[in-house]
1. Please report which chain D residue places its beta carbon nearest the axis carrying chain D onto chain C, with the distance rounded to a whole angstrom.
2. Using the crude model of +1 on Lys and Arg Cβ and -1 on Asp and Glu Cβ, and no other charge, please compute the dipole size for the protein assembly as shown relative to its Cα centre, in debye to 20.
3. Gap in Å between the Cα centre of the stretch D:3-27 and the Cα centre of the stretch B:399-419?
4. Å³ per residue of the Cα convex hull, for the stretch B:555-703?
5. Select from the stretch A:16-85 those trypsin sites (Lys or Arg not before Pro) which occupy a DSSP coil region and have at most 14 other Cβ atoms within 10 Å, ordered by residue number.
6. Choose one of D:Gly14, B:Leu422, B:Gly150: the residue whose Cα lies farthest towards the positive end of the charge dipole of the protein assembly as shown (beta-carbon charges +1 Lys, Arg; -1 Asp, Glu; about the Cα centre).
7. Considering the stretch C:2-72, what Rg and Dmax in Å follow from its alpha-carbon atoms?
8. Do you know the relative contact order of chain B, to the nearest whole percent, from alpha carbon pairs under 8 angstrom that are 6+ apart?
Amino acid sequence: MNVAVVRFPGSNCDLDVVKALEGTKGVRPKLVWHEHGGLDRFDAVVLPGGFSFGDYLRAGAIAARSRSVGEVRRLADRGVPIFGVCNGFQTLVEAGLLPGSLLRNSGLRFVCRWVTLRVENNRTPVTGRCSKGDLLRMPVAHGEGRFFLPSAELDSLKKDGRVVFRYAQSTERDGRGCNPNGSLDGIAGICNKEGNVVGMMPHPERAVDSLLDPEGRSDGSVIFQSLASALGGAS
Amino acid sequence: MIDAEWSEHCSYKSSKALLKTLPTSGSRVLLGPGYDAGVLDAGDGCVVSLHIESHNHPSAVDPYGGAATGIGGVLRDILSIGTRPIALIDVLRFGNIGESQRSQWLFRNVVRGIADYGNCVGVPTVAGEVEFDESFERNCLVDVACVGVGRRRDLVLAQAKNPGDIVVMAGGSTGRDGVRGATFASKSLARDADSERSSVQVPDPFMKKLLIDSILDALETGEVKGMKDLGGGGLSSALPEIASKGGTGVELDIRRLSLREPDVTPLEAMISESQERMLLVLDRVRHKKALSILRKYGVPATIIGHVTDDGDITVKDGADVVARLPADFLANPPLIPRDSRAPVRQSDWVEPESPPDLSKVLLSLLSSLNVGGRRWIYEQYDHEVGVRTVLKPGQADAALLKLPNGRLLAVKADGNSAASALDPYSGASGCVAEACRNVVSVGAEPVAMVDHLQFGDPGDARVYWGFEEAVRGVADYCRGVGIPVVGGKVSFYNEDQLTGRPIKPTPIALVAGLVDKDERFVGPALKGRGDRIVLIGKTSMELGGSAYHSTVFGVQNGVAPRPSPQEDRRTNSAVLRLIRAGLAESVHDCSKGGMAVALAETCMGRSIGAEVELQGAPATRMGPASLLFSESHGRYIVSVRKPNLSKAGGLLARARVPYAVVGTAGGRSLRISLRGRRLVDVDVAKIIEGKESSISRALGEEQ
Amino acid sequence: MIISNKAAAKDPEGDVIYQDLVKSRFSQAESVRVGKLLRFKVKAAGSLEAQRLVQTMCDELRIYNPAAHQCHVSPGRLSE
Amino acid sequence: MIISNKAAAKDPEGDVIYQDLVKSRFSQAESVRVGKLLRFKVKAAGSLEAQRLVQTMCDELRIYNPAAHQCHVSPGRLSE
Ligand SMILES: Nc1ncnc2c1ncn2[C@@H]1O[C@H](COP(=O)(O)OP(=O)(O)O)[C@@H](O)[C@H]1O
Ligand SMILES: [Mg+2]
C-alpha cells in the first residue's frame, strides 16, 4: 500500500516519518513535493511535522492553502486516510479539515519532552491496533499546540468520540503535570466526523526505535502498524 | 575591504602564531583547522564535521537576533563543506539572572533565539553548558557549535580551482545589515549600543532551511565545485579565500547581486554580512541542474561572476572596475606581536572553615544557578528531530547520536571561567579534561575536539598573558591525551562596556567521541538497589574557583584544579574498558560541586538513594568539606553489580588507576559518612526538587 | 489589519507581560493584550475599497482563524 | 503600541506571507509587513498622558529592543 508523505518547504520530520513507515510491514512511503500533486495515486497521505513556510503567520497557515492540501481535501472527502502529525495537524486545522485551532502553548515557550498519551478512540486508521485506554509514550515538540475550540463545539466533539488522544498522567512519577501546552481538556489528537482524517501533536515517528526511547519502548510503532492494517497491507 | 578582511575576527591577527602550537593531526582527521569546519573519518566512508562559533557582541545588543544568527552562521560552516548539519550544541554565559533584570532579559531572549532558529531549521540542539557570573553582565557569551555528517566522497572545499567556473550567490538578498559587523566584533562593545544599529541582523531560519535542503540536493548533481559560506566580512572575505586556496582569481559584477535596498554602495555590498547567503562555484558548462534545484526550493540564486586565472579579485560595477587586488594579499594578513605579562597573585589564601551542616551545603549547591538543572533551557530546544538522539540533554553527561554507519557519536562542550580566571592554564586544560570525561562517561572514546577561546582586549598585556596560558593549556593537554584539535575560534574584546573590565577568561572545549558498532553505552543514573558504588580517581585539595567556594563564601580564590593528561589517559581508558566489558551499570564524572554533587546526581535519574562511606577514598589529607566539594579532575562514580565487583576491581588495579568501593545503592536518601561520622543525609526527593527548580526560581517563575 | 485572540481563547502572552513585567512597576496599567499586525500595501481606488479588499483577502486566505481569532481591518495612517 | 522590525531590516515573515500566500491570488497586493501589537489599558488624565506613559513603560521595561525594532505608540481608538 502506498503512502504519500507530503514535503512542504520547511518540513523537517518528513524523512523521520518516511523512515518510520519504511520500518512498517505492508506500506511503501513516498516523499511528494507539495507542488507536484498526484496524491490521488496513494492509499493514504501523511502530513509530517516541521515548520512549513517557516510557520510564518501561524503554524500550518500557509501550507493549508497549498495545492497539495487542496488535493488532500478531495481525498478526505472520498474517505482516504489522512494523518497529520504536529505541523501536519496544525495544517489540517488551518485547512478546516479538522475543527478548532492550535494556539501558542500556555507556557509561551516551545516545549520538547516525552509525554504519556491515552488512546481515547481506537476506531481511527492510526489507532486500530490499540485498545481504548492504552497509554503510549512519545515526545512532543512544538510551540503552538494548545488545542482550542469554542465550548459548544467542544461538547459535540467529545460526544461524537472524536477525541483520539489525551495527555495523561504517566505511570511513573511525573510531578510536573501532564498537559504540556494547556490544551483544552488535555486534548492531544482528534479526528473528523467520518474518522478518516486524524491529527495529533506528539510525534509517533520519534518513538519507533527503542534505542531512542529513554525507557527502551517503541510505542510509536503501533500507530504506523495501525495505519498499515487499516490499509489492508498487513494482518 | 582590507579593514574587514584584516580585522581580528576574520584573520586572527593576534592569535595565529600561538594557535599553530596546537596538535592538529590524528588518524581520523581529514580536515583540520583552517577550513570552515574540522572533518573526521568516522569509518565506512562516513565523515563527521565539527565547528564552533560565537556571536557575543551581536547577542549583547540584540539577544534574540544575535543568538539566532549565530546558529545560522555555524550551520553555514557545516553545510559549506558538503555535510548535513545533524546537531547543535550551545554554550552560554550570563550575569546573575537571579539579581539582574538585564541578564534575565539577555538569557530569556538568547535561549529563545537559539530555540526558534534551531527548531525551525530542523537541527536538534542536543547538549550545551551554561554558567552565570557577574563578569558577563553586559557581555554575555553565546557560543554555538554544530556537528554534521556526510560521505567522504561528497566533501566540498572552499576553493575555486578551475578558471571559467561560475560564481553563484544563493540565498537571501544583500542588504546593509551587518555592514562593519566583523570590525564591530573585534572592538569592545560600544558605549551606546544604539549607535551600532547597522550590525543588527534579522534571522530567517526558513530561508536557511531551504538553503540546507537545496544545497544538499544540489551536491548530488556533482556540479558544485566549491562552496563558501558568507560570514564575517561578507564577500570581501569569502572571495579572496576561495581564490587563494584554489590558486585562481575571481571577477564579479556587483550589479548582479540582488540587493534589498537600491542605494547599497559597491563597498557596502562587498562587506555586507546579510544572513542566509552562500557562495557556490559551479561547473563552467554543467550547472543547470544545480540551479534548477535551488529554484525548486524557492532559493534565489544569481550568477555574479566567474573564476579567472590572474590571481586577482576584480570587482566591477557594471563595466567599471571598482577594485582589483591580489587574492593572496587579502587572504594572508600580517601578524601582530603582542605583549604579555603575568598578573601578580597573593599566595596567602587560607581555606575558610566549612559550615557545620554539610547536608545544607550540598542542597544549596545543587539548587545554585551554576550547578542546578538546565531543563528550563533544553526543553525549549527540539532535541529529537532527525531521530538520531539516543542520549538527550539532561539524560547523561554527553549527548549520543546515531550515525548512518551504525556507530554512535558522543558530544559535549565544557568550560570553567572561575577556574580559568584563577589560572588560565589549568582552566583551559581542565575544560578539555572535563569534556573528555563527559564523553567517556557515556562509553565513547574521545577522538577530536574544537576549542573556543574568549578573552578581553588582547592589547592588555595581562589579558594576552591569559590567552597564551590557555592556548598552552589546551595544547599540552591535547598532546598528552592524544586528541587532535580540528578547529576552533578566538573571540577578543569581550568586556563590560560600562566598567571596561574584561570578562573572566572563558576557554571552551567541545569534544567528540565514538562508540563502536554494537558496543555498550551507559548513563549516569544508579540502576539497581544493592549495586556497589565505586569511586575512581584521586581527590586533591583543589577548591579554587569551585562551586562550593562561590556558593558558600562568595569567593573565588585558592588553587584551581589542574588535570594530569597522563593519569587521565589511563583512567579514561580503564573506564571505557569497564563499560565495554559490561561491568559498569552507570558512569558519571565528578565536575562542578565535586564528588558530593556527582553522587547526588547519580541518585536523581531513578530516585534511588545511596549509602556511602568515604574512609578508603583515594585522596590527599584534607577536611571533610574539602573531600566532598573539591573539584579535582580525573574522577568518576561508577556503579557495579555485586557479582561483577571483583572483575571490575581487577581491571582497575591492573590499569593502575586509584579507586575504592565506597558504597551501595538503595534507600530514599543519600547518606555520606567519613570514618563512621555522618556528613550528609538528604532525601532524594529534595535533591531532585532543588536541582530542577534553580533557573525557574531565579527567573521568578513558579515551577 | 490586526489579529488577536478571542476572549475565550485567552491571551497568555498579554497576561504574562502584564503580570510579570508591567504590574509591579506601573500601577497605572490595568491590562495588556497582544495581537499581530499585518500591514498590506494594496492598489485600490480609495481607502474604503482598500479596506474591503484587505478584508476579503483575510477571509479568503484565512489570514486569521475565525475559531479563535478576531480580526480588525483599518486603513493605514501609520507611517511606513 | 506597535513593534516591528526597523524599516531597513528584513521582514522575512511579511515576505513569505506575501510571496507564498497573497501574491498569486491577489494581484492588487504589493507587499506585506508584519508587526506586533500590544494594547495597554492605563489610567491616565488624557490621551496624551496615556501615550507618554506607555512610551515610558515600553522603554523602561524593554518591551521592544531599540537596537532591532521600531516602536510606535498611539492612543487606542480601536475597540477592545
Ligand atoms: N545550554 C544548554 N543547552 C542544551 N543542553 C544543555 C545546556 N546546558 C546544559 N545542558 C545539558 O544539561 C546536562 C547537564 O549539563 P552540565 O551541568 O554542563 O553537565 P556536566 O557537568 O556533565 O558537564 C547535559 O546533558 C547538558 O548537555
Ligand atoms: Mg559530567
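FYI, it's all coordinate maths here, none of it is from the lab. Predicted model only: the values in this text are computed from it and were never measured. Here the Cβ is made from the backbone with ideal geometry for all residues, glycine too, and neighbour counts use every protein chain on show.
1. In residue-and-Å form, the answer is D:Leu37, 2.
2. Dipole magnitude for the protein assembly as shown comes out near 2340 debye.
3. 39 Å
4. About 142 Å³ per residue, rounded to a whole number.
5. Passing sites in the stretch A:16-85 are A:Lys25, A:Arg78.
6. B:Gly150
7. Values for the stretch C:2-72 (Cα only, Rg and Dmax): 15.9, 48 Å.
8. About 15 percent, as a whole number.
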